[in-house]
Every structure is written in C-alpha cells, then in structure tokens.
1. Could you say whether any residue in segment B:211-220 is within 23 Å of residue B:96 (Cβ to Cβ), at pLDDT 90 or above and part of a strand (DSSP E or B)?
2. Which of the numbered conditions does residue A:158 fail, given that it passes all the others? Conditions: (1) within 14 Å of chain B (Cβ to nearest Cβ); (2) at positive phi.
3. Do the conditions hold for residue B:230, that is, is it assigned by TED's automatic domain parsing to the domain that holds residue B:318, closer than 18 Å to residue B:281 by Cβ and surrounded by fewer than 20 Cβ atoms within 10 Å (Cβ to Cβ)?
4. As an exercise: evaluate residue A:109 against (1) closer than 30 Å to residue A:341 by Cβ; (2) in contact (Cβ under 8 Å) with a residue 40 or more places away in the chain; (3) surrounded by fewer than 24 Cβ atoms within 10 Å (Cβ to Cβ) and give the number of the one condition it does not meet.
5. Among the numbered criteria (1) part of a helix (DSSP H, G or I); (2) within 14 Å of another protein chain (Cβ to nearest Cβ); (3) buried (at least 22 other Cβ atoms within 10 Å of the Cβ), which single criterion is violated by residue B:273?
6. What are the residues in segment A:190-234 that are among the charged types (D, E, K, R) and either closer than 23 Å to residue A:46 by Cβ or part of a loop (DSSP other than H, G, I, E, B) (or both), if any?
7. Could you please let me know if residue B:240 is modelled with pLDDT of 95 or more and either surrounded by 24 or more Cβ atoms within 10 Å (Cβ to Cβ) or more than 18 Å from residue B:268 (Cβ to Cβ) (or both)?
8. Is one or more of the residues making up segment A:41-57 among the aromatic types (Phe, Trp, Tyr) and more than 9 Å from chain B (Cβ to nearest Cβ)?
Amino acid sequence: MKYLDEYRDPILARQLADEIHRVTTRAWTLMEICGGQTHAIIKFGIDELLPPALTLIHGPGCPVCVTPLELIDKAIEIAGRPEVIFCSFGDMLRVPGSSRDLLSVKAAGGDVRIVYSPLDAVRLARAHPGREVVFFAVGFETTAPANAMAVFQANREGLKNFSLLVSHVLVPPAMEAILSSPVNRVQGFLAAGHVCTVMGYHEYGPIAARYRVPMVVTGFEPLDILQGVLMCVRQLEAGRAEVENQYCRTVRFEGNRPAQELMKAVFRVIPRKWRGVGEIAASGLGLSAAYAEYDAEQRFGVAAYTAAEPAECISGLILQGVKKPSECPAFGVRCTPERPFGATMVSSEGACAAYYRYRRTPLVGGR
Amino acid sequence: MAEPATTSSFTGTCPVPFRDYPHVLMAHGGGGRLTQQLLRDIFLPAFANPQLDEAHDGAVLEVGAERLAFTTDSYVVRPLFFPGGDIGTLAVNGTVNDLLMCGARPRWLSAGFIIEEGLAMETLWRVAQSMRQSAAAAGVTLVTGDTKVVDKGKGDGLFVTTAGVGVLEWPLHLAPRAVQPGDAVLLSGDLGRHGMAILSVREGLTFEGPIESDCAPLVGPVRALLDAGLQVHCLRDLTRGGLASALNEIAVTAQVQIDIDESAIPVQEAVRGACEMFGLDPLYVANEGRFVAFVPATESGRALALLRGDPLGAGAQRIGQVVAGSAGLVTLRGRIGAQRILDLLSGEQLPRIC
C-alpha cells in the first residue's frame, strides 16, 4: 500500500540495521517515547535486528496507560448516570478502575459509546438535546487539538449538554521527569512523531542541552524507527546531544500553528497526576477559564475523587523505563489482558500488553 | 492466585470468576479469549459429549449407515444490508459453510426470525428473497422455520438463526484434532473484506472503491478438494475473530504449533487502508467466504491448483505449516523477518459484525 509499504521494506530495513551494527561501538540505552512506537517495535521485531549493545526501553507515551485510576473512577461514575451518553475512544473502555471498567458499566445498562472522533460526540449532543453527552478527552498533544475543536464547536453552537472529562498530558514535562530521576538510564530519546506533528520540536532543544541527551523526532513504521535509532546512536557515538528530525515528511520545526492556537484558547496548562508516576508540575491540560463550563468533573461533582493504585503493579517503573514487563513477577501470571493490574497491560499501546501479545514465551523473539 | 478449577462437578456456583465480569460483555461474543472462557466455563461443561468436544464448526452424527453434519448459527449484523450481501445471505452462507467445513454436502436448513415490532415489511421481504437466492446457489432447501416478534426497542430490527444438516459423502474425517505436524496451511483467498465492509458502512467511511463483503457459499472450492480425493485433515472458515482466532483454536485442539508467513497472506489494498485507519489487524477481521485447509505438505501443490480452479479460491495461497514445536502456539513471520506470537484477542476488535 502506498505510503506504508515503502516504510516496511525488508531489504532497506536490513541495510539500516547493518548500518546501526556498524556504527555502534558501545552500550547505549534509548527510550522510545510513544506507545505506538513501542507497539511497532515489538510487532515487527525491530529490537531483534539491533546489536545486543543497544537497549530500547519503552517510555510513558501511552495516554491510556498514564491516565490515573481516579480519572477512570470518575468516568465510571459519570457514565453510570441515566441522563448521560458517555463517549470514549475504544481503548479506554477496558481500563480497570478501582472496582470495574466502562465495559461493565455498559453491560449494566449505562449508555457508553465508542466514537472515532470527538466531533461524533458533539453530533450526539446535537441529536439528543435532552441528554448529557460527555466525551472522555484522553491523550497527549496529538489528540488535544481535535478535542479542543469539539468544545469550540459546542460553544459556538450553544450546546449546553456537552462536556469533556479531560485527562490530557504533555510530553516534554514527562521527559524532564524521567531525565531528572535518580534511577534514570535513558541516554537518548526517540521523540514522538505525532506529538511533534502538532507541537513542532522547538520545546526539545533546551531539554536536550540541559541533560546532554540526543533526541530524534521519529515516526512509527519499521524504517522510521530504525532510522531514528541510527541517527540517535550516531549522535551518542559522536558525543553530540542535538534535536534532529527523522519524521520530516510530517513534522515541521514550528509544528501546526492553527492547532496550537486552538489548544491555547480552549485549554490551560495544569499539574497532572500520571498513573504509576505521580503528579508532575505543568504536565497536563485542563479547560481554560473561558471554557470552564464544559468541564464534566465540575458538572457532575466528581472533581474530589481519589484512588490508590494496586500495590503489586509496577506499571510506574515500566512507564519510566526502569523495568521491562518480563521483569514483573505478576506478568502473564496474575496480570493478563483479561485481568490487568495496571493500564500498561490493558491498552493495546501498553508495553505489558505488547509483550504479552507478541512474545510471552521464550520460544519466540525476546532478548 | 488462580482458584482451583471445579468445572467437572455441579456445585451450584458459577465457575466463571465473578470478580472479573458479573455480567456478559460484548467482548464475550467477540470470538477471542472471553468467548473461549464462556465456552470453557459455562457451555462445554453443561453439555459435554463426544460430538461437542470435537470443537468443530458442526457436529458429525451417525444415523444408521449415514454420517450427517449438523450445525447452527445466529446472525445479528447491523446494518442489515451492506456492500456484498445482507443478513439473509449471511444466514444461509454461514451455515452452509459450517457444514462444508465438516466435509459434508449441505442439504437442509431451518431459519428462525426474531423480528422487532415496526420493521418495514419490505425489508423482511428483501431478506427472504436473498435467502431464497443464496439457498438455491448453495444447493440447499429451507425446510422449516419459526417467527417471533418482540416489542419495539427489544430487538435490533431483525435477528436470524439458521441450522443446517448435511451429508458426509466423502470417506474423510475432517476435524481440528486431525491436524498434524507436516501439514501445510492453505488459505482460500484475501482476508478482511466482510468485517471492513460492515465497519466502513457503519462509520460512514468511503475509500477509493467500496469494500465489498466476501460473503459466499464455499461449495465450489471445498468440493474441488474433496472430489479429488485429497487427504484433507481439516477445513475451517474464518468468520468471527478471523484467521488468527481460527488458527489459535486449531493449534490448541490439535496440540500443535502453527507457523505462518505474513507476506504470503493476501489482503486487498482498500482493506489494508481501512484497517490502518481504524487501527485493526486484518488477520483478526471477520470473513464470510474464506477458509483454511490443512493438507499433508506433499499434497499442497495439487490442493492449491484445485482451489485456484474455482472462482472462490482463485486467490488461494500456501501461508504456512504445522510443526510439533510448542502445543497451542501460533507464530507469524513478519514482513521484515522477525517471528512473533499471533495470539487470540482478549476482547473484541469489532462489535457485532456477523
């Protein structure tokens, strides 16, 4: 298929892998930020093509995984109300809250719907003026503009029965949190291509300089990832710590300006709690004062909810790249996609789910 | 901690762990792990018998000197009409294909209609006409049926259940258990069209060309294999859960490992595009006119030629082989060369597509 097959060519992949082998003279640890990259790496077996001296660790870039337990509980509480049509991307439905998940709310009679775009939720609000339509606005900078557009449109049309349950998080503060951690092992980053499509990569220069860490904005196909790794290793071997753009067919330095403007109008930067990591200052988005009336937490009185995470789950260490899923004693035994402890096992982008799905036995792949 | 299994005796306690799901979820009908759990924990222990334990698409029954195949299936597709078919063609072809997968010649069908109050009479008429045409094309007769009407809001327009009886005319015993190391895995054509046709209509997406369901009776290609006297070990149609789920079920039942090669699996351009957009894997998407055949590797060349001789098998490919390996495991050799597990889905990929 055009625009895909070119980036999955086995011969070119081999050539890139050979080049990585050639330039790697020492052990390096890289982190891919985005869950989509993690999934591609495991699905296509890209890590098996790399020299043993290179270690890829899987970053916090799965929005489903980092959504804190209490937000899932809030969603479940709101979705169970008879007047509510609760709309979400499919992946969020299986994430366990403290006692159950959104799929169970649906089975118990709650009106929970999977939508492919937040604008579908606006359409539902228009079609059902007597109901409250709530959209679960989850994601990084990638999904924020579309969610901002949904609120913007609802406001322009005067749709009072639409609101957002916001759980937006931002990538650069999470990178800083990882780099400043005393257990940090990351020496180079593959930055998330789609986040940078929206935001550009001007924010990364100061971080790369401060922590002396190379960053390569990287795409999601096998050749993208291999090329991103090669560029990152070349920098490390040469002692450089710069921001480079592998994903130049999509990403511009300044990003998508109209999308950023819309985000700025609808959202404001706030501290956010990350599942397994804890609160990070200025690491998320909430609705701005001008759009505060669209905040589902306020509308449904759930803002004060808190929840403790399961003690045995190490998803926090996995999200920070300190441990691999296979190092967790519960992995594949007590914690499976059917009975997940934490969101890294539930989300299809989660590192644990990717490991479980593609290589849980030592017979296949895996180093 | 896993609780001890107590499914062998009736204790009055539901063996499905309630702490997981006290209510049935859509995913219990998705053909993946949760569906398997329903079967394993509720239905199989309740009805256990040798025919059911074969875990085949239908049961094979001996009646005097005759061997009959018997199967049933329910259809809850939405929308009722879609590119390439409708609920009527699905209901006939689905049951016809299940009988064929048992190695039987399909003969007789029953049909049960659960109709929601308010359904347009013309809709019902069109479905009946489709069923008549599909039955004629497959050489089966609809010999008995039932009609129920439920209150408005208690159904989804129309649900159809068909059951079918066929006669085993070939001296073969096709079953997942008969699959053995050394078998070749043959796929009758491209994957994913039915599921993506339904989803595209539901989501209002159009692609360069419309994606049409592959819904079809598989009489031609199956008869071609069986009439030629090939030593076929197992046939399986690739409906709910797609190729990946079918291979996983067979690998578990036959206690073998199945290795397949992604680059040998045909998928139409439009289907690949749609799958990329929805974030789905075509190997898990439902088909209604595709099957896999397990034959001894020595017969695979001849079997492929026979399949390709029929229009419904024109795109047939050899996609892999059965090895002793690790019992119950299915692996996929990807396009860039790495091998990985091809697992059962835990939940559902698509809601209610067949």
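The values are calculated or read from the model by the stated rules, or taken from the named source; none is laboratory data. Model, not experiment: these values are computed from the prediction. For neighbour counting, all protein chains shown are included, and Cβ atoms are generated from backbone atoms with ideal geometry for every residue, glycine included.
1. No: zero hits.
2. The number of the failed condition is (1).
3. No: the conditions fail for residue B:230.
4. (2)
5. For residue B:273, the failing item is (3).
6. Narrowing segment A:190-234 to residues among the charged types (D, E, K, R): A:203, A:210, A:212, A:221, A:224, A:234.
Across segment A:190-234, the qualifying residues are A:203, A:212, A:221, A:224, A:234.
7. Details: modelled with pLDDT of 95 or more: no; either surrounded by 24 or more Cβ atoms within 10 Å (Cβ to Cβ) or more than 18 Å from residue B:268 (Cβ to Cβ) (or both): yes.
No: the conditions fail for residue B:240.
8. Within segment A:41-57, the first condition is being among the aromatic types (Phe, Trp, Tyr), and the residues that meet it are A:44.
When the remaining residues are screened for being more than 9 Å from chain B (Cβ to nearest Cβ), the result is none.
No - not one qualifying residue is present in segment A:41-57.
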